[in-house]
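Enquirer: Following this message is one structure expressed as C-alpha cells.
The values are calculated or read from the model by the stated rules, or taken from the named source; none is laboratory data. Note that the coordinates shown come from a computational prediction; the quantities given were computed from them, not determined experimentally. Cβ placement follows ideal geometry from the backbone for every residue including glycine, while neighbour counts extend to all protein chains displayed. The protein model used for the area step is the full one, side chains on, heavy atoms only, and it has no ligands, DNA or RNA in it. Shrake-Rupley method; radii C 1.70, N 1.55, O 1.52, S 1.80 Å.
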Amino acid sequence: MKIAIPTWRERVSPVLDVAETYWLFDVDDAQACHYDILTLKNRTLLEKVSALQDSGVEILICGVLSREFETMIRAVGIQLIPH
C-alpha cells in the first residue's frame with residue numbers, strides 16, 4: 001500500500017492545497033519499507049491529483065484542504081485522512 005503525506009519546509013504541511021512535496025511511503029505489514037519524495041511545485045490541483053494517482057497513492061494523510069481538492073481526491077479513489 002502506498003501512503004502520501006504532504007510536506008512544507010520538512011514538516012507535515014498544515015494546508016494540503018499549497019503543499020509542494022509529498023513523502024511517499026510503501027507500507028507492507030504495517031511497516032514502511034520504502035520512502036520517496038514526490039515534488040509537485042507550481043502544479044494545479046488537478047495536476048497534483050493526477051500525479052498522486054499515477055504514483056499509486058492509495059491513502060493521503062493531511063491537514064486541512066479545500067472542498068474542491070477533497071472532491072477531486074476522493075473522485076479518483078484515493079482514501080483521504082484529513083486533520
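Enquirer: Could you tell me how many degrees, from 0 to 90 and to the nearest 10, lie between the Cα long axis of helix 45-54 and the main elongation axis, the longest principal axis, of the Cα atoms of the chain?
Expert: 20 degrees
Enquirer: Heavy-atom accessible area per residue, the chain, 1.4 Å probe: how many Å²?
Expert: 63 Å²
Enquirer: Along the Cα→Cβ direction, 7 angstrom out, place labels at H83 and E10. What is the inter-label distance in nm?
Expert: 3.1 nm
Enquirer: Here is a follow-up. Kindly provide the trypsin sites (Lys or Arg not before Pro) of the chain that DSSP labels as loop, not H, G, I, E or B, and whose Cβ sees at most 12 other Cβ atoms within 10 Å.
Expert: Within the chain, the qualifying trypsin sites (Lys or Arg not before Pro) (loop, at most 12 other Cβ atoms within 10 Å) are R9, K41.
Enquirer: Given the rule -39500 (n - 2.57) for each run of at least 4 DSSP H residues, summed and divided by the residues of the chain, what is its mean residue ellipticity at 222 nm, to the nearest 500 deg cm²/dmol?
Expert: -6500 deg cm²/dmol
Enquirer: First compute the accessible area of the chain with a 1.4 Å probe, then give the percent of it belonging to carbon and sulfur atoms.
Expert: Its accessible area is 51 percent carbon and sulfur atoms.
Enquirer: Another question about this same structure. 5 Å is the cut-off here: which amide hydrogens, built 1.01 Å from N in the peptide plane, fall below it relative to T21, excluding neighbours closer than 5 in sequence?
Expert: T7, L40
Enquirer: Please list, short to long, the whole-number percent of alpha-carbon pairs of the chain in consecutive 10 angstrom bins beginning at zero.
Expert: 19, 59, 21, 1
Enquirer: Pairs of alpha-carbon atoms within less than 8 angstrom and 6+ residues apart define the contacts here; what relative contact order does the chain have, in percent?
Expert: Contact order relative to length: 31 percent.
Enquirer: In nm, give the distance between the simple-model label positions of D17 and D54, each being 7 Å from the Cα along the Cα-to-Cβ direction.
Expert: Output for this residue pair reads 2.4 nm.
Enquirer: When only DSSP loop residues count, what GluC sites (Glu not before Pro) in segment 1-54 have their Cβ near at most 13 other Cβ atoms within 10 Å?
Expert: Hits after loop and neighbour filter: E10.
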